[in-house]
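Inspection log for the structure reproduced underneath, given as structure tokens.
The values are calculated or read from the model by the stated rules, or taken from the named source; none is laboratory data. Worth saying up front: this structure is predicted, and the values here are computed from it rather than measured. All Cβ positions, glycine included, derive from the backbone under ideal geometry; neighbour counts span all protein chains shown.
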Amino acid sequence: MDKRTFLKHTSLFGLGTMLQLNSFGKGSEIAVLHSPNEDVIDDYWERVRKDYKLKPNIINLENGYYCIQPEPILKKYFEHIQQVNLLGAFYMRTMQFDNKKAMVTKLAEVAGCSTEELIITRNTTESLDMIISGLDWKPGDEAVMAEQDYGAMLDMFKQVSKRHGTKNIVVSVPPNPKTDEEIVELYAKAITPKTRLLMVCHMINITGHILPVKKICEMAHSKGVLVMVDGAHAFAHIRFRVEDLGCDFYGCSLHKWLSTPLGAGMLYLKKEHIGKIWPLFAEAGKKDDDIARLNHTGTIPVATDLTIADAIDYYHRIGPEKKEKRLRELQQYWTTKVRQLDHIVFNSPDDPNRVCAIGNVGIKGMKPADMAKTLLEKYRIYTVAIDNDAAGVHGCRITPNVYTTHEELDALVAALKEMRG
């Protein structure tokens, strides 16, 4: 094959790749139902379940760490790996950059923000640690956060404190607030004239508690404080637009509820703040307000980035509204059956509007690790133990996904009723 023929074929391949990204999911078994109550019809979700390859001997109720890919997305992922491998360096040098811009465009539409304010990262930790470490901190500056925030971010704040002489103000979020204002006031009281940044979870990872982010942002901005939101568990889980939240920075992991391959995340920055952040890796030749200067991370597995579009298409095929309603319904299905039991400790909010898929439950007199071990070994139910003294959360995080059935949750309920400390 001569050079001209080679370039012709590779150009067609590049066009074909982009066309495939816009026509994902034709082989999916999901059919659209027309019932007005289709979001709670088991038949619809049985069709969704058929898209997943699941271990038959384990009930997986730990989807909070990583939501496995349904087969249609996984198939596209394998195709991208093969296609990139076919072209090798030619793809990496000539095609990956335009393709990544296409992924950013599609992701920004779902996130509800400008493409000039969003970059693809590898996970929430990378996204938010870039902001925490990248601000131009001065000795005496203060940051506000909560005991319930994710450990990796709390650790970065501690490192910044040691390095730059800053002070961390840590609050504790109550598990069952009576009003949004109770949460807002908690953060408001922690702010001083020295506060520069407030970190808040959109959805607390250990309990599933959804916080009133927009109200917190409005309060913090009225005091001149920037707000960074940890959205690791919220994106493609509950519906929202980043711009509507009013935050300055928003980071999340796409391999959670969007079901991309492992190693995909997102970072949003208001354009006016881009120039204030030092990148993790130096990038020359970019203007201070160009978000691309924050996205130089060296060679990455580009097939993962390509699959973002496929995951978004699958998300839309299921239906964002139906997905959120189903996840909330599944959480309420099992929690309402065990919440009032005398030996049960419930660590998530009672108000169904303050939670979605995630719930956290403990058993009096039983350590979380023993509880998780018993659920797995005796009842074949996989969960994750949460034993956090600082946050006051001791139990197992229970996280169903769209493929989870009521029968599987019935097995969990039966186990919780039997188990004793």
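Structure notes:
- Cβ pairs under 6 Å, 6+ apart, first in segment 273-289 and without any contact (Cβ under 8 Å) to a residue 60 or more places away in the chain, second assigned to a loop (DSSP other than H, G, I, E, B) and surrounded by 10 or more Cβ atoms within 10 Å (Cβ to Cβ): His273/Asp248; Gly275/Asp289; Phe281/His296; Phe281/Thr297; Glu283/His296
- Subset of segment 376-395 (residues that are surrounded by fewer than 16 Cβ atoms within 10 Å (Cβ to Cβ), within 17 Å of Lys364 (Cβ to Cβ) and among the small types (Gly, Ala, Ser)): Gly392
- Matching residues in segment 286-342 - criterion: being among the basic types (Lys, Arg) and closer than 24 Å to Phe240 by Cβ: Arg317, Lys322, Lys323, Lys325, Arg326, Arg328
- Any chance Gly88 is of a type in the set (Gly, Ala, Ser) and touching a helix residue (DSSP H, G or I) at 6+ places or on another chain (Cβ under 6 Å): no
- Scan of segment 235-244 for residues that are under 26 Å from Arg293 (Cβ atoms) and buried (at least 24 other Cβ atoms within 10 Å of the Cβ), ordered by number: Phe235, Val242
- Single residue of segment 46-66 satisfying the filter (under 22 Å from the mean Cα position of the chain (by Cα) and assigned to a helix (DSSP H, G or I)) that is surrounded by the most Cβ atoms within 10 Å (Cβ to Cβ): Val48
- Residue, farthest from Ile210 (Cα to Cα), within segment 282-327, restricted to residues that are surrounded by fewer than 17 Cβ atoms within 10 Å (Cβ to Cβ) and among the acidic types (Asp, Glu): Glu283
- Being in contact with a Ser or Thr (Cβ under 9 Å, 6 or more places away or on another chain), part of a helix (DSSP H, G or I), in the same structural domain as His237 (by TED's automatic domain parsing) and within 28 Å of Asp313 (Cα to Cα) holds for only one residue in Glu126, Glu116, and it is Glu126.
- Members of segment 144-169 found to be within 23 Å of the chain's Cα centre (by Cα) and either outside any helix (DSSP H, G or I) or on the phi > 0 side of the Ramachandran plot (or both), listed by number: Val144, Met145, Ala146, Glu147, Gln148, Asp149, Tyr150
- Under the condition of being within 30 Å of Leu327 (Cβ to Cβ) and touching a strand residue (DSSP E or B) at 6+ places or on another chain (Cβ under 9 Å), the residues counted in segment 184-211 number 16.
- Applying a threshold of 6 Å to beta carbon distances and a minimum spacing of six or more residues, or different chains, the list of pairs starting in segment 366-386 at a residue that is among the aromatic types (Phe, Trp, Tyr) and ending at one that is assigned to a loop (DSSP other than H, G, I, E, B) reads Tyr382/Ile58.
- Residue check, Ser222 under 14 Å from the mean Cα position of the chain (by Cα) and in the same structural domain as Glu142 (by TED's automatic domain parsing): no
- From Glu182, Glu218, residue being over 26 Å from Ile308 (Cβ atoms) and either buried (at least 16 other Cβ atoms within 10 Å of the Cβ) or without any contact (Cβ under 8 Å) to a residue 12 or more places away in the chain (or both): Glu182
- Verdict on Asp305 being assigned to a helix (DSSP H, G or I), assigned by TED's automatic domain parsing to the domain that holds Phe249, among the acidic types (Asp, Glu) and in contact with a helix residue (DSSP H, G or I) (Cβ under 8 Å, 6 or more places away or on another chain): yes
- Index of the failed condition, Leu186 passing every other in (1) aliphatic (A, V, I, L, M); (2) in a helix (DSSP H, G or I); (3) under 22 Å from the mean Cα position of the chain (by Cα): (3)
- Every residue from segment 290-302 that is in a loop (DSSP other than H, G, I, E, B) and either free of Cβ contacts under 8 Å to residues at least 24 places away in the same chain or polar (S, T, N, Q) (or both): Asp290, Asn295, His296, Thr297, Gly298, Thr299
- Residue among Leu74, Leu86, Leu154, Leu135 that alone is surrounded by 14 or more Cβ atoms within 10 Å (Cβ to Cβ) and not assigned by TED's automatic domain parsing to the domain that holds Asp290: Leu74
- Residue match in segment 340-360 (condition: buried (at least 22 other Cβ atoms within 10 Å of the Cβ) and farther than 30 Å from Met145 by Cβ): no
- Test result for Ile204, in contact with a helix residue (DSSP H, G or I) (Cβ under 6 Å, 6 or more places away or on another chain) and not assigned by TED's automatic domain parsing to the domain that holds Gly362: no
- For segment 221-256, the candidate set comprises residues that are basic (Lys, Arg) and either in contact (Cβ under 8 Å) with a residue 60 or more places away in the chain or touching a Leu at 6+ places or on another chain (Cβ under 8 Å) (or both); within that set, the residue that is nearest to Leu197 (Cα to Cα) is Arg241.
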